Amino acid sequence: MVDFIRTYADQTHHGKEEDILFRELKKREISPEHDKIMKELIDEHILGRKTTGELVDANKKFAQGDQDAIKRIIEKIEFLVDFYPKHIEKEDKHFFIPIMHYSKKKEQDALLPEGQAFDRKMIHRKYNAMIIEYEKEREISSEKQKSDWIDYI
């Protein structure tokens with residue numbers, strides 16, 4: 001569950017929103033309502049990341065024998081189960097469709113290749129981050145923390 005939230009929901013889906021769609025919307029004059037929703041979505045992305053991190057921490061404590069951590073695990077899972085459907089509904093029904101009128105079809109189509117490239121790099125970023133974490137945990141020095149090959153893709 002954590003891997004799915006971090007890899008797909010946060011890094012891939014929210015990453016495209018923040019790095020591509022929101023970037024483009026910030027260049028335009030959008031309504032105060034849509035600007036407010038965009039800021040709420042960004043705050044919700046941060047909250048989702050924070051809650052997922054707390055879930056991971058609680059799980060580690062439980063694995064180390066802290067029996068009380070199971071309560072925090074359940075609390076965080078229940079929060080996420082309630083949170084994500086509401087977040088998705090806000091995106092789908094109250095933001096994505098209404099903001100389409102801020103750009104022409106040609107401009108929207110021009111963003112698709114950038115989104116596709118973002119997706120192609122995702123798996124490489126994921127495993128590169130795993131290697132960096134592995135090396136950090138084992139105090140293995142690494143020449144680079146980010147490989148140029150990911151940007152090449």
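FYI, it's all coordinate maths here, none of it is from the lab. Being a predicted model, the structure only gives us computed values, none of them experimental. All Cβ positions, even for glycine, are placed from backbone atoms using ideal geometry, and neighbour counts span all protein chains on display.
From the helices alone, meaning DSSP H stretches of at least four residues, give me the mean residue ellipticity at 222 nm for the chain, per-run term -39500 (n - 2.57), in deg cm²/dmol to the nearest 500. Spell out each step's value before the answer.
Working: 5 runs with 98 residues, N = 153.
-22000 deg cm²/dmol, from helical runs alone.
What you get for the chain, charging only the Cβ of Lys and Arg (+1) and of Asp and Glu (-1), is a dipole of about 260 debye around the Cα centre. Springs between Cα atoms under 10 Å define the GNM used for the chain, and in it the highest mean-square fluctuation of MET38, MET122, MET130 occurs at MET130.
Pairs of Cα atoms nearer than 8 Å and 6+ residues apart set the relative contact order; for the chain it is 28 percent.
Annotation: lysines with alpha-carbon distance below 21 angstrom to LYS105 (same-chain offsets under eight excluded): LYS16, LYS26, LYS27, LYS93. Of the options (i) 124; (ii) 107; (iii) 133, only one is volume of the Cα convex hull per residue in Å³ as computed from these coordinates, and that is (i).
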